[in-house]
Amino acid sequence: MKQAEAVAPRNPRQNRERVLAAIRAAAIAEFSEKGLSGTSTQAIAERAGLTKPQLHYYIRGKEELYEELLMSVVADWRDMFDAGSTDPGRVLGDYVRAKVRLAFDKPEISRIFTREVLDGGPYLQKFWPDAQLRTRNKVDAINGWIARGLMQPVDAHTLLFSIWAMTQFYADSALQVQQLRQPRQPGWTPAPDALVEELTAFVLRGCGIE
């Protein structure tokens with residue numbers, strides 16, 4: 001048997017998936033560092049190990065890829081909060097845990113989303129209606145728990161915004177964290193489980209939940 005015949009032919013579908021994964025990883029890194037306006041398709045192609053024409057065989061442009069990445073983090077956030085439960089302690093604890101885990105698993109995606117918000121959110125127009133609805137559902141659940149005496153009165157929006165800020169801070173402001181620790185510790189991140197425990201205790205105490 002000739003050597004060429006001994007090599008199994010490459011699976012076109014697997015090859016395409018591998019290339020798309022490389023493009024996505026490259027785009028996440030570039031957008032996280034430079035934002036949409038500062039990122040070029042040439043930079044994405046080079047980081048993915050492709051030529052620019054090869055890149056455009058798989059994607060139409062950087063805007064399409066950018067919007068896809070934004071919507072991926074939105075999808076990850078969508079079902080973290082069990083608004084139908086009557087156990088606020090469990091729901092809030094699970095919510096903090098899920099938010100922290102996602103921030104640690106996908107810190108660059110979190111930074112892309114935050115940068116987009118700071119830039120005025122032109123690529124989030126499709127996101128806001130669903131986000132507004134889901135936030136109202138969370139607020140209604142929290143106010144329902146308060147009305148039933150399951151937790152002390154708090155402003156539901158403030159509670160949610162504070163959880164979002166605390167759980168994403170170590171992803172969005174990693175450089176600040178590393179520079180302000182004494183001594184400075186480049187690349188440092190807290191232990192996720194310890195952070196979840198501390199933040200959960202902080203949130204539940206503020207809500208008057210044992």
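The values are calculated or read from the model by the stated rules, or taken from the named source; none is laboratory data. Owing to the predicted nature of the structure, the values given are computational and were not obtained by experimental measurement. Glycine gets a Cβ as well: all are built from the backbone with ideal geometry, and neighbour counts include every protein chain shown. Note: accessible area is taken over every heavy atom of the protein model, side chains too, but ligands, DNA and RNA are not part of it. Shrake-Rupley method; radii C 1.70, N 1.55, O 1.52, S 1.80 Å.
The set of residues in the range 158-185 being of a type in the set (D, E, K, R) and more than 18 Å from LEU118 (Cα to Cα) consists of ARG181, ARG184. Screening ALA171, ALA165 for residues that are touching a residue at least 40 places away in the same chain (Cβ under 8 Å), outside any loop (DSSP other than H, G, I, E, B) and either open to solvent by less than 80 Å² (accessible area, probe 1.4 Å) or of a type in the set (Lys, Arg) (or both) leaves exactly one candidate, ALA171. Answer yes or no: is there a residue in the range 61-77 that is under 19 Å from ALA156 (Cα atoms) and free of Cβ contacts under 8 Å to residues at least 60 places away in the same chain. Scanning the range 61-77, I find at least one residue that is under 19 Å from ALA156 (Cα atoms) and free of Cβ contacts under 8 Å to residues at least 60 places away in the same chain, so the answer is yes. Taking (1) open to solvent by 60 Å² or more (accessible area, probe 1.4 Å); (2) acidic (Asp, Glu); (3) part of a helix (DSSP H, G or I) in turn, GLU210 satisfies each apart from (3). For the range 24-36, give me the residue count where each residue is closer than 12 Å to ILE112 by Cα and touching a residue at least 24 places away in the same chain (Cβ under 8 Å). Here the count works out to 7. Here GLU64 passes the criteria (1) crowded, with 19+ Cβ neighbours inside 10 Å; (2) more than 15 Å from GLU108 (Cβ to Cβ) except the one numbered (1). Residues considered: ALA27, ALA48. Of these, the only one that is buried (at least 20 other Cβ atoms within 10 Å of the Cβ), touching a Ser or Thr at 6+ places or on another chain (Cβ under 8 Å) and of a type in the set (A, V, I, L, M) is ALA27. Output the residues belonging to the range 116-130 that are in a helix (DSSP H, G or I) and either open to solvent by 20 Å² or more (accessible area, probe 1.4 Å) or touching a Gly at 6+ places or on another chain (Cβ under 6 Å) (or both). Selection gives VAL117, LEU118, PRO122, TYR123, TRP128, PRO129, ASP130. Could you go through the range 80-95 and let me know if any residue there is more than 19 Å from the chain's Cα centre (by Cα), assigned to a helix (DSSP H, G or I) and surrounded by fewer than 16 Cβ atoms within 10 Å (Cβ to Cβ). Yes - at least one qualifying residue is present in the range 80-95. Exactly one residue out of ARG60, ARG47 is in contact with a helix residue (DSSP H, G or I) (Cβ under 8 Å, 6 or more places away or on another chain) and basic (Lys, Arg): that is ARG47. When the criteria are applied in full, LEU70 fails the requirement of being part of a loop (DSSP other than H, G, I, E, B) and either touching a Gly at 6+ places or on another chain (Cβ under 6 Å) or not basic (Lys, Arg) (or both). If you go through the range 174-204 one residue at a time, how many are modelled with pLDDT of 85 or more and loosely packed, with under 11 Cβ neighbours inside 10 Å? So the answer is 4. Scanning the range 116-158 for residues that are touching a Cys at 6+ places or on another chain (Cβ under 8 Å) and either touching a residue at least 60 places away in the same chain (Cβ under 8 Å) or farther than 26 Å from ALA194 by Cα (or both) yields one hit, MET151.
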